[in-house]
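Presented below is the structure to which this report refers.
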Amino acid sequence: MTDHFELKLVSSRMLAPGVRHYRFARADGQPQVFIPGQFVQVHFERDGVQLKRSYSIATVSEGDDAGLVEMAVSFVPGGAATNLFEGLAEGDCIDASGPYGRFVLHDADANGRYLLIATGTGVTPYRAMFPQIRQRIAERGQRFVLVFGARSPTELLYGEEFEAFAQANPGFDFHPCFSRSPRDEPRPNDRRGYVQDMLAELAPDAATDIAYLCGNPNMVDTAFNALKAFGLPIPAIRREKYISPPAPRAAIAPIPT
Ligand SMILES: Cc1cc2nc3c(=O)[nH]c(=O)nc-3n(C[C@H](O)[C@H](O)[C@H](O)COP(=O)(O)OP(=O)(O)OC[C@H]3O[C@@H](n4cnc5c(N)ncnc54)[C@H](O)[C@@H]3O)c2cc1C
């Protein structure tokens with residue numbers, strides 16, 4: 001159920017240059033309930049205008065982190081929400097609502113394989129899906145391939161977590177795709193180029209595959225068209241584009257007369 005609540009910052013850490021991981025607890029003490037893949041909206045005021053921005057929930061709902069709202073925020077120079085997040089100290093509260101969204105695994109899916117594709121902070125929904133992915137591999141025999149695009153190894157958010165998850169869960173393959181610089185010592189599953197360059201190697205197949213695309217809107221559009229060309233039907237390609245809403249009219253400076 002969608003709710004409005006305050007989130008209190010418990011801790012935060014840099015994940016990569018310009019990307020910070022935040023751990024929030026609800027200020028009312030309630031555990032946050034969500035389906036992995038959903039997002040929250042953060043509400044704030046800037047220059048007298050009410051704004052909101054969306055952030056995927058990154059929380060792996062197991063152990064101490066269950067009930068928290070974790071998110072990875074990519075800082076955009078001059079960004080309104082960026083300014084809010086950069087100024088947050090532990091114990092500070094922000095106004096939020098949620099959970100929202102249908103970028104989730106569907107119970108009724110009977111496919112053999114999921115292709116999970118992301119760039120940047122778009123990988124966070126898949127982190128939140130860890131418990132579900134583990135369960136589906138064990139109980140349904142489904143397989144997962146995560147293709148994660150980053151410019152360089154320092155930008156591979158949660159890279160070691162995904163590597164460890166892949167090691168522990170045969171049935172989950174992890175392919176980092178480096179578009180600018182590879183690792184000094186490349187690993188067997190590393191690839192060079194953009195995520196869409198790797199699709200041919202995966203041989204997408206309408207008979208077995210459902211794809212999820214999350215992150216940069218250009219990547220989502222490009223990969224969507226590529227997957228369609230491989231024959232995947234549109235309902236089997238689920239998308240979440242990370243875009244900012246257009247500025248509200250009141251925030252647009254009047255044209256001088
Ligand atoms: C469903 C959904 C989930 C999202 N989840 C996340 C998430 O988990 N993590 C996350 O970091 N973001 C996420 N986003 C994007 C997020 O909501 C904001 O758009 C982003 O944080 C920028 O907000 P801002 O207020 O700081 O910048 P704005 O004030 O909105 O933008 C400032 C300027 O930067 C440009 N800009 C905006 N975003 C980018 C960008 N990514 N790269 C380059 N230029 C940009 C704008 O066009 C504008 O010119 C999500 C968006 C959606 C719709």
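The values are calculated or read from the model by the stated rules, or taken from the named source; none is laboratory data. Predicted model only: the values in this text are computed from it and were never measured. Cβ sites come from the backbone with ideal geometry, for glycine too, and all protein chains shown count toward neighbours.
At a glance:
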| item | result |
| --- | --- |
| Output for the stretch 43-82, where each listed residue is more than 8 Å from the ligand (Cβ to nearest atom) and closer than 24 Å to Ala247 by Cβ | His43, Phe44, Glu45, Arg46, Asp47, Gly48, Val49, Gln50, Lys52 |
| Tally, over the stretch 225-253, of residues that are within 16 Å of the ligand (Cβ to nearest atom) and either surrounded by 14 or more Cβ atoms within 10 Å (Cβ to Cβ) or at pLDDT 95 or above (or both) | 6 |
| Residue check for Ile137: among the hydrophobic types (A, V, I, L, M, F, W, C) and part of a helix (DSSP H, G or I) | yes |
| Hits in the stretch 15-33 - residues which are touching a residue at least 12 places away in the same chain (Cβ under 8 Å), assigned to a loop (DSSP other than H, G, I, E, B) and surrounded by fewer than 21 Cβ atoms within 10 Å (Cβ to Cβ) | Pro17, Gly18, Ala27, Asp28, Gln30, Pro31, Val33 |
| Filter result for Ala58 (touching a residue at least 24 places away in the same chain (Cβ under 8 Å), in a loop (DSSP other than H, G, I, E, B) and crowded, with 21+ Cβ neighbours inside 10 Å) | yes |
| Enumeration of residues in the stretch 83-106 that are more than 15 Å from the ligand (Cβ to nearest atom) and part of a strand (DSSP E or B) | Cys93 |
| Given (1) assigned to a helix (DSSP H, G or I); (2) in contact (Cβ under 8 Å) with a residue 40 or more places away in the chain; (3) closer than 19 Å to Ala16 by Cβ, number of the condition Phe162 does not satisfy | (2) |
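To keep it simple, each residue is scored yes or no on (1) in contact (Cβ under 8 Å) with a residue 60 or more places away in the chain; (2) outside any strand (DSSP E or B); (3) surrounded by 23 or more Cβ atoms within 10 Å (Cβ to Cβ).
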residue: Ala108; (1), (2), (3): no, yes, no
residue: Thr124; (1), (2), (3): yes, yes, yes
residue: Pro131; (1), (2), (3): yes, yes, no
residue: Leu157; (1), (2), (3): yes, yes, yes
